[in-house]
1. For the charge dipole of the chain, defined by +1 on Lys and Arg C-beta atoms and -1 on Asp and Glu C-beta atoms about the Cα centroid, which residue among Thr35, Thr55, Val6 has the Cα displaced farthest towards the positive pole?
2. Length gain on complete extension for the stretch Ile24 to Glu5, per 0.36 nm per residue less the alpha carbon to alpha carbon distance?
3. Counting only residues 5 or more places away or on other chains, whose amide H sits under 5 Å from the amide H of Thr35 once H atoms are built in the peptide plane?
4. Run the numbers on the chain and let me know its relative contact order in percent, using alpha-carbon pairs under 8 Å that are six or more apart.
5. Just the number please: accessible area per residue for the chain, 1.4 Å probe, all protein chains included, in Å².
6. Rounded to a whole number, what % of the accessible area of the chain do carbon and sulfur atoms account for, probe 1.4 Å?
7. Can you give the FRET efficiency to the nearest 0.05 for Arg13 and Glu63, using r as the Cβ-Cβ distance and R₀ = 30 Å?
8. Where Lys and Arg each count +1 and Asp and Glu each count -1, what net charge lies around Phe73 among other residues with Cβ under 14 Å from its Cβ?
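The values are calculated or read from the model by the stated rules, or taken from the named source; none is laboratory data. Everything numeric in this text was worked out from a predicted model, so none of it was measured. FYI the Cβ positions are ideal-geometry reconstructions off the backbone, even for glycines, and counts take in every protein chain you see. Areas reflect the complete protein model, heavy atoms only, side chains present, ligands, DNA and RNA absent. Shrake-Rupley method; radii C 1.70, N 1.55, O 1.52, S 1.80 Å.
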Amino acid sequence: EAEIEVLKTKETRDLIMNSALDGIICVDREEKIITWNMQAEEIFGWKEADVMGKTLSVVVIPERYRARHNAGFEIYR
């Protein structure tokens, strides 16, 4: 029964993520990408499989802004 609930939750999350009009990217505490919806694929041009586990700042933050981004991200660690 718990497994069924987990699957329903995942299906619901996937439906929400893929029906959103905006790109949605989720990262873990180490800034590794754990979710990348279809709109993010459209915006950035990379498939989810290509970016999963990569660092957000390396994938989407222009190099000239990475130091500021990384400093700001430290607040959330």
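1. Among Thr35, Thr55, Val6, the one farthest towards the positive end of the dipole of the chain is Thr55.
2. Values: separation 19, 0.36 × 19 = 6.84 nm, distance 2.35 nm.
Gain on stretching Ile24 to Glu5: 4.5 nm.
3. Under 5 Å from the amide H of Thr35 lie the amide H atoms of Cys26, each far enough along the sequence or on another chain.
4. On the way: 75 pairs, mean separation 16.3, N = 77.
Relative contact order, the chain: 21 percent.
5. Values: 5960 Å² over 77 residues.
Per-residue value: 77 Å².
6. 57 percent
7. Values: r = 32 Å, r/R0 = 1.07.
E(calc), rounded to 0.05, equals 0.40.
8. On the way: positive: Arg29, Lys32, Arg66, Arg68, Arg77; negative: Asp28, Glu30, Glu31, Glu74.
Within the 14 Å Cβ shell, the charges total +1.
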